[in-house]
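We did not get these values from a lab; they are worked out from the coordinates using the rules stated. Since the structure is predicted, the reported quantities are computational estimates derived from the model, not experimental observations. Backbone-built Cβ (ideal geometry, glycine too); neighbour counts: all protein chains shown.
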Amino acid sequence: MGEPSSEIESASPPSDKRLDSWKEIAAYLNRDVTTVQRWEKREGMPVHRHQHDKRGSVYALAGELNAWAKNRSLQTGETDPVPGPAPPAAAGAASPGAMPWMRLALALAVIVVLGLAAASWLVRRPRPTASQPPRIHSVAVLPLRNLSGDPSQDYLAEGFTEALIGSLSEIHNLRVVSHTSVLRFRNTELSSPQIAGILGVDALVEGSVIRDGSRIRVTAQLIRGATDEHFWSETYDRGMGDALTLESELAQVIADKVEVTVTGDERQRLTTVRSVAPEVYESYLQGRFVLDQGNTRAAMEQSVADFEAAIRRDPAFAPAYLGLARAYSNLGTIYGGVSPSETRPKVVQYAQKALAFDPGLVLAHVLLANALQREWQWTAAETEYRRALGLNANDAVAHAAFASWLSCEGRADEAISEIRFARQLDPAAISGADVASILFHSHRFDDAVRESRSAAAVAPDDASVLMTLGFALIADNQAAEAVPVLEKSVALSNGSPAATGVLIRAYAHAGRRADALRLLASLKRRKAAGYVPAGAFVNAYLGLDDRERAFYWLEEAFREKSTILQFVKTHPYFDPLRSDPRFVDLVHRVGLS
């Protein structure tokens, strides 16, 4: 298909004529909408926009298009004209000598008509799959750009990105890559086909957000991953109080454009969105932004304050309760270092509160299931995992969490299958370390080491990934190799007690008993000053082959419902204890016998 040239002027309407839509502009230029949108974006074709409360619309002036086309033709040297109406025929009858040519022209016209009829029939009949663009079954929403020029507004673009991903994820027939996976493509120089190939998706959503006082303007476009074809774009201008409605509307439009089947229940959920006060929404977005930025206790506690501020202004705002559940769940990890007795009841409380206002929140079901699993409420946890997967069978995080439940139950083959399916759904969100953890508890140590090394190569400064590699190396009789890995994990996690306990084990197995005892003494001093999980001492004393003290700390772990005991049935480090009646009784009390 050719590009426009100055010849458009001969067939154009008056230069002051206004073309009031992409369709009219495309028709005037005798091109399709996608082509003229590309010209506007990449070659500066003059298009103007109205801005009003609903959505941005476009118009163009014929004279400006004529001038642009003429100038472009001069610059590029292209000669392919834009087809236009034929000039009027000269008055008067044709000469006798022209008759044979007229008969030939008439015959050719008949052939053309018959050809067009045949072509029309071919168009109407079912086409072979190869002649159609591939159906879109998966999308990735790339981080929307903050075009306000104010970095303090980044939270708004990030929040809108995550909310749009969440809305699209509710459509069963569409696989949507997680927010975690797309974050690394912020400000990337990779092409659309490269990004789509890495993420394994058919289409990408790109866009931007601009905040102007109490208004928000969002621009979005859809791109085919394989061809870089931009086949839809739109601009929306709304008040901040309608931001949630805009997110929902945008998700609906994208679903329609990719022609994915949306069930009645899914469409109802997408359209049932409540308004929220701008200050509520902003507090919530700020909390979520801080929580996503880093695994530090200070960040988690700041996010709690932001979510609580949102709830004070709107006690029925479900996403803020979900944010609190996430924050307290993170505080109970190796980064937060807060006792399960403080965090876990709050995770349960806030997840249940979020679900009371919005039962369709998949992550709320997953967080609730995680907490119930750590409380050894195995049946209730399974129920919540299955509810999450029933709401979204394509949620990779839910599948990975359920794989952990299966592993704890001793259902190793099912767990491995589940975690591998999760990684297939979203290979960026589910890392090799997640797979390695399941393999480790399945006693497949070589595979666990291989997966962990692969994950560490991608994320060499991720403390949890390094700790997983350290676990696997020790179990695979490579304790000396595990020592530097775990030392780095301890340093990156600000001295995480959990990582320290595993490092003590590595020192002991590597023949560095003096180093192990020195680090153990340090861990005891920390215990005297504040909370240290009992599991850290369990790993330390098992590594030092001090069985009696290990049993003492196992009982302490039972009293505090330490995270380590959810793995009591399968954890390889407990294998030397399995014949001891005390350990058999412990497994029974945890509910796994």
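Approximating the spin labels as points 7 Å out from Cα along Cα→Cβ, the D575-to-V587 distance works out to 1.4 nm.
The fraction of Cα-Cα pairs per 5 angstrom bin, counted from 0 for segment 138-275, comes to 2, 10, 21, 24, 21, 14, 6, 2, 0 percent, rounded to whole percents. Derived scalar couplings between HN and Hα for segment 544-558 equal 7, 6, 9, 5, 5, 5, 4, 5, 4, 6, 5, 5, 4, 5, 5 Hz in order, rounded to whole Hz, by the Karplus curve 6.51 cos²θ - 1.76 cosθ + 1.60 (θ = phi - 60°), x for Gly and Pro. Taking amide hydrogens as placed 1.01 Å from N in the peptide plane, the amide H of V141 sits under 5 Å from those of V177, V205, each at least 5 positions away in sequence or on another chain.
Between the amide H of W232 and those of L222, distances stay under 5 Å, these residues lying 5 or more places away or on another chain, with hydrogens modeled in the peptide plane.
Filter K23/K257; K488/K524; K488/K527; K257/K353; K353/K569; K524/K561 down to the pairs with a C-alpha to C-alpha distance above 24 Å, please. As for pairs spanning more than 24 Å Cα to Cα, those are K257/K353; K353/K569. Only alpha carbons enter this Debye calculation for segment 457-593, each as an equal point scatterer, and the log10 of I(q)/I(0) it gives at q = 0.17 Å⁻¹ is -0.90.
Rg of the Cα atoms in segment 187-249, relative to 2.2 N^0.38 Å, amounts to 1.31. Here the 3J(HN,Hα) profile of segment 217-229, calculated from phi with Karplus coefficients 6.51, -1.76 and 1.60 at θ = phi - 60°, is 10, 10, 10, 9, 8, 10, 10, 6, x, 6, 10, 6, 7 Hz, Gly and Pro shown as x. Sorting F185, F471, F357, F160 from the fewest to the most surrounding beta carbons within 10 angstrom yields F357, F185, F160, F471. Across segment 578-593, rounded Karplus estimates of 3J(HN,Hα) from the backbone phi angles (6.51 cos²θ - 1.76 cosθ + 1.60, θ = phi - 60°) give 5, 8, 6, x, 5, 6, 4, 5, 5, 4, 5, 5, 7, x, 10, 9 Hz, Gly and Pro being marked x.
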